[in-house]
Amino acid sequence: MLRFAASALAAASALALAAPVLADTLVDNVDGVTIDETGKVKRFNGLVFDDQGKVTQVLSRSDKRPKVDYRLDGEGRVMLPGMIDAHVHVMDMGFAALTLDLSGTTSLEDALATIKAFAEANPGRPWIIGRGWNQEKWGLGRFPTAAELDSAVADRPVWLERADNHANWANTLAIQTAGITAKTPDPAGGKIIRDAKGAPAGVFVDKAVPLVGNVVPPPRPEDRDLALVRSQEVLLARGITAVADMGTKPADWTAFRRAGDEGRLQVRIMSYADSIETLELMAGPEPTGWLYDDRLRMGGIKLFLDGALGSRGASLKAPYADDHGTRGLPLLSPSQLRNLMSRAAMDNFQTAVHAIGDAANAEVLAAIEELATSYKGDRRWRIEHTQIVDPIDIARLGQHGVIASMQPLHQTSDRLMAEARLGPDRLTGAYPWRSVLKAGGRLAFGSDSPVEPADPWAGMAAAISRTDASGQPFGGWFPQETVSREQALAGFTSDAAYAGFAEGRFGRLIPGERADFILVDRDPLFASPEALRETKILQVWIGGVKVRGE
């Protein structure tokens, strides 16, 4: 699909080979903040790590400094644990950085001009591939059409993913190449948006996406390797040292393994397979061990129970307020959901179920309640997104060790759309962060990148304020669902590690865990939401090795 030079890969390999040999090191004179073993905030002034890249001591000003091989002066800067994004799509992030990006477009006309300019600048690409369009952001009030896309590019197939990853927009040539006609039926769990005559109009939702997607030329292995390089660059630039990769495909896993074998894997990846078949092929009969000094593990599976609000695929208990003819697109039947969760659980794999609508969240909670009677122990059932929850179901989020893996920036991006889709009377359980904690549940915060930017600082700002980058709405959207600064920091560090069974390995700056830390220019526990969004990353260290910064 792509043709990229190998220079970036060579540079990444050279950087990995140039990493210094570790020795006992003290980073002193820092304004350190971490979540400790009890879940409380701990402040410190010095950090010692050994030649294995693990923390051995956390020092206060009054503590005697040990004899070490190296002492580094932190110059009074703020030290934090490396940020952890509990829900990303690693390879999608990399390819988004290498292909057409429509996330900044503000109208259909703007998008078409961007697409046309990209196609003209890349005449050798047989397909024009990209992502990030959002008809709600454009104020279009409907899906865009193939005919409109033809006006920008008609001589090559065009295939563009919506911002939420749950719908794609094709031009006429792409539809024709895939052989899709008015006679093509909607697949179960998917929808072909059609014109008045029943012909495909240009947009394919959820399980209809593969109808065209399957004929798009796949990336080559070297394309995937470069996408991983780009993804890690994006993550490290924002101080993110570990992620949960949701929906890892076999080709993704092998790209991760190649990077690990060659010393190019810097960011830690908690991998959740895209299917039972991938689990069996890549992991085998049980979760893999931690590979490459705790940089990679496949420990679970990602399942999709419904779609997204933007494409009206989220499964709701009542019809959409702005389309009374649909309640969404359930992607699994109740029995299919339970069978897949049970199949994973019997081999001790963790399940992470995508559920956005209130009906989907109720269904996965019911499945957890049933399966918890058969599968005892510490399962940490995950619900990914948990966006719209019926208030009567919120208490259930505090049972059976459920983890609500949520993305604060979804609330600020989707606020107006959620109001339109649900109406004012069904918003009480929307993005209910504080209610989850009050019910006894656990939060893990992430971005869903590339759906939202992989930016934990903007995520923390949204979590503590329920306002967007412009400060809207004044006072916050349902401000009773904000969380404290301490809870927001935990959501992007220790709690995100816990959600992936990584506690004791990384996520906190405490003895025995990896020395994954960042130096930043401000303390997130005192910064305003506006200041938080402007946080500058000065240095990034992973396993006691500096990977970014002066």
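The values are calculated or read from the model by the stated rules, or taken from the named source; none is laboratory data. None of these values were measured; they are calculated from a predicted model. Cβ sites come from the backbone with ideal geometry, for glycine too, and all protein chains shown count toward neighbours.
Observations on the structure shown:
- Residue 345 vs. criteria at pLDDT 95 or above, under 20 Å from the mean Cα position of the chain (by Cα) and among the small types (Gly, Ala, Ser): no
- Qualifying residue in region 138-145 (condition: of a type in the set (D, E, K, R) and either more than 29 Å from residue 453 (Cα to Cα) or surrounded by 15 or more Cβ atoms within 10 Å (Cβ to Cβ) (or both)): no
- Hey, residue 130 without any contact (Cβ under 8 Å) to a residue 60 or more places away in the chain, in contact with a Phe, Trp or Tyr (Cβ under 8 Å, 6 or more places away or on another chain) and within 18 Å of residue 166 (Cα to Cα) or not: yes
- Taken together, 394, 383 contain a single residue that is crowded, with 17+ Cβ neighbours inside 10 Å, at pLDDT 95 or above, β-branched (Val, Ile, Thr) and not in a helix (DSSP H, G or I), which is 383.
- Tally of residues being of a type in the set (S, T, N, Q) and crowded, with 18+ Cβ neighbours inside 10 Å across region 519-550: 2
- Subset of region 416-449 [in contact (Cβ under 8 Å) with a residue 60 or more places away in the chain and more than 15 Å from residue 384 (Cα to Cα)]: 416, 417, 418, 420, 421, 422, 423, 426, 429
- Scanning region 397-433 for residues that are over 22 Å from residue 138 (Cβ atoms), buried (at least 18 other Cβ atoms within 10 Å of the Cβ) and not polar (S, T, N, Q) yields 397, 402, 403, 404, 406, 408, 426, 429, 430, 431, 432, 433.
- Pairs where the first residue, in region 508-527, is within 19 Å of residue 85 (Cα to Cα) and in contact (Cβ under 8 Å) with a residue 40 or more places away in the chain and the second is surrounded by fewer than 21 Cβ atoms within 10 Å (Cβ to Cβ) and of a type in the set (S, T, N, Q), C-beta under 8 Å, 6+ apart: 518/539; 519/539
- Residue check, residue 308 among the hydrophobic types (A, V, I, L, M, F, W, C) and modelled with pLDDT under 95: yes
- Meets criteria (in contact with a Phe, Trp or Tyr (Cβ under 7 Å, 6 or more places away or on another chain) and of a type in the set (Gly, Ala, Ser)) for residue 357: no
- Residue list for region 355-399, filter: under 20 Å from residue 495 (Cβ atoms), in contact with a helix residue (DSSP H, G or I) (Cβ under 9 Å, 6 or more places away or on another chain) and in contact (Cβ under 8 Å) with a residue 60 or more places away in the chain: 380, 382, 385, 387
- Condition check for residue 494: under 19 Å from the mean Cα position of the chain (by Cα) and hydroxyl-bearing (Ser, Thr, Tyr): yes
- Close pairs from region 142-169: first on the phi > 0 side of the Ramachandran plot, partner in a loop (DSSP other than H, G, I, E, B), Cβ under 7 Å, at least 6 apart: 165/451
- Scanning region 514-543 for residues that are under 22 Å from the mean Cα position of the chain (by Cα) and at positive phi yields a total of 0.
- Total residues in region 33-72, condition surrounded by 16 or more Cβ atoms within 10 Å (Cβ to Cβ), without any contact (Cβ under 8 Å) to a residue 24 or more places away in the chain and among the acidic types (Asp, Glu): 0
- The criterion of at least 2 residues that are under 26 Å from the mean Cα position of the chain (by Cα) is met, among helices (runs of 4 or more DSSP H) falling completely within region 76-165, by 90-98, 108-121.
- Among residues of region 206-265 being of a type in the set (Val, Ile, Thr) and either without any contact (Cβ under 8 Å) to a residue 40 or more places away in the chain or out of contact with any strand residue (DSSP E or B) (no Cβ under 6 Å at 6 or more places or on another chain) (or both), the one that is farthest from residue 500 (Cα to Cα) is 215.
This table checks each residue for (1) within 21 Å of the chain's Cα centre (by Cα); (2) farther than 23 Å from residue 431 by Cα; (3) part of a loop (DSSP other than H, G, I, E, B).
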position	(1), (2), (3)
311	yes, no, yes
336	no, yes, no
340	no, yes, no
352	yes, no, no
368	no, no, no
374	no, yes, yes
377	no, yes, yes
404	yes, no, no
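- Every listed requirement among (1) touching a Leu at 6+ places or on another chain (Cβ under 8 Å); (2) closer than 30 Å to residue 495 by Cα; (3) surrounded by fewer than 22 Cβ atoms within 10 Å (Cβ to Cβ); (4) not polar (S, T, N, Q) is met by residue 112 save one, (2).
- Some residue of region 441-453 being of a type in the set (Lys, Arg), more than 24 Å from residue 140 (Cα to Cα) and within 20 Å of the chain's Cα centre (by Cα): yes
- Residues that are among the hydroxyl-bearing types (Ser, Thr, Tyr) and either in contact (Cβ under 8 Å) with a residue 24 or more places away in the chain or touching a strand residue (DSSP E or B) at 6+ places or on another chain (Cβ under 6 Å) (or both) within region 450-504 comprise 465, 467, 482, 493, 494, 498, listed in sequence order.
- Of the residues making up region 260-294, those that are of a type in the set (Ser, Thr, Tyr) and either in a loop (DSSP other than H, G, I, E, B) or buried (at least 24 other Cβ atoms within 10 Å of the Cβ) (or both) are 271, 272, 275, 288, 292.
- Residue check for residue 394: out of contact with any Ser or Thr (no Cβ under 6 Å at 6 or more places or on another chain) and β-branched (Val, Ile, Thr): no
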